[in-house]
1. Do we find that residue 307 is in contact (Cβ under 8 Å) with a residue 12 or more places away in the chain, surrounded by 20 or more Cβ atoms within 10 Å (Cβ to Cβ), assigned to a helix (DSSP H, G or I) and touching a helix residue (DSSP H, G or I) at 6+ places or on another chain (Cβ under 9 Å) in this structure?
2. Can you name every residue in the stretch 313-333 that is farther than 19 Å from residue 210 by Cα, under 26 Å from the mean Cα position of the chain (by Cα) and not in a helix (DSSP H, G or I)?
3. Determine which member of the set 81, 87, 73, 93 is at pLDDT 70 or above and touching a strand residue (DSSP E or B) at 6+ places or on another chain (Cβ under 7 Å).
4. Tell me whether the stretch 191-200 contains one or more residues that are modelled with pLDDT under 90, crowded, with 18+ Cβ neighbours inside 10 Å and either under 18 Å from the mean Cα position of the chain (by Cα) or not in a helix (DSSP H, G or I) (or both).
5. Would you call residue 60 in contact (Cβ under 8 Å) with a residue 60 or more places away in the chain, farther than 24 Å from residue 315 by Cβ, buried (at least 18 other Cβ atoms within 10 Å of the Cβ) and out of contact with any strand residue (DSSP E or B) (no Cβ under 6 Å at 6 or more places or on another chain)?
6. How many residues are under 29 Å from residue 80 (Cβ atoms) and free of Cβ contacts under 8 Å to residues at least 40 places away in the same chain if we restrict to the stretch 186-205?
7. Regarding the stretch 207-229, can at least one residue be identified that is within 15 Å of the chain's Cα centre (by Cα) and closer than 18 Å to residue 115 by Cα?
8. Being in contact with a helix residue (DSSP H, G or I) (Cβ under 6 Å, 6 or more places away or on another chain) and part of a helix (DSSP H, G or I) is the filter here, so list the residues in the stretch 169-190 that pass it.
């Protein structure tokens, strides 16, 4: 018998090698555990990932460095803010500008970005980033979530989604930064606010780094147009969803090349936008507490801005407590 035949066979699974360092064996065990959950119940894995991400951001917000000087953060506020950011809901129990330091606001912004892309997308991208191929079941789930036709395109499509998202947010940031510069903010502050509003608007999060929100920019100056209108564009594009954005990216405004999902989404969104615009303007036209005392042009723009935000944007130019009950009902609808 040759020396090669007498040698012990090489184990098929590297995880069975007894001389592996403990961290390596632990990492492989964790990988196998996650694979087992993913294969048995991808939905359960999605929930687990969401909870882990949520609690991780809550823990980061509980750090003293995340709070503004002189502020303390309760566990309830940290968990609520983290959950609101990851789910891009925009509800807050504390003022984003007053409660959180720059570090804390960065944490919130990262949570918004991850939530906007979706935990499913981020999980798939993580698998791609570490050089592992997506399994058939994972690809099927991602395919259904992204509404794509060819299964083999999932990996490359996920990369396109991230690049497209960053490109749109970067373009919004440039215009918004210019607007804040025109408004008189220092360069570094204007850049930070541009980044924050660019990400927050495109992901429909509604978080704002200003204690008084966008109300100070409610006028007819150039800075108002360079801030409010790009935010409207960001919210509108973000509300369409990636399946529609990707169709527009490939087909442009050639209606005949849009798929049925894109046609229905854009048509319905456009109709709702116009209806909301007309109804909000008419309901609040003479309301002195909101837009009743403003010039006609500003009242019309307020109606447009409010209607765009009804797509779940979360920003506002008027105090919603001052609006009429029928306007609140319209907003809910």
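1. Considered against the rule, which asks whether it is in contact (Cβ under 8 Å) with a residue 12 or more places away in the chain, surrounded by 20 or more Cβ atoms within 10 Å (Cβ to Cβ), assigned to a helix (DSSP H, G or I) and touching a helix residue (DSSP H, G or I) at 6+ places or on another chain (Cβ under 9 Å), residue 307 comes out as yes.
2. Across the stretch 313-333, the qualifying residue is only 333.
3. Every option except 73 fails the conditions.
4. Scanning the stretch 191-200 turns up no residue that is modelled with pLDDT under 90, crowded, with 18+ Cβ neighbours inside 10 Å and either under 18 Å from the mean Cα position of the chain (by Cα) or not in a helix (DSSP H, G or I) (or both).
5. no
6. The total comes to 6.
7. There is at least one residue in the stretch 207-229 that is within 15 Å of the chain's Cα centre (by Cα) and closer than 18 Å to residue 115 by Cα.
8. The answer is 169, 172, 173, 175, 176, 177, 178, 179, 180, 181, 182, 190.
The values are calculated or read from the model by the stated rules, or taken from the named source; none is laboratory data. Predicted model, so just to flag it, every value in this text is computed and none were measured. For neighbour counting, all protein chains shown are included, and Cβ atoms are generated from backbone atoms with ideal geometry for every residue, glycine included.
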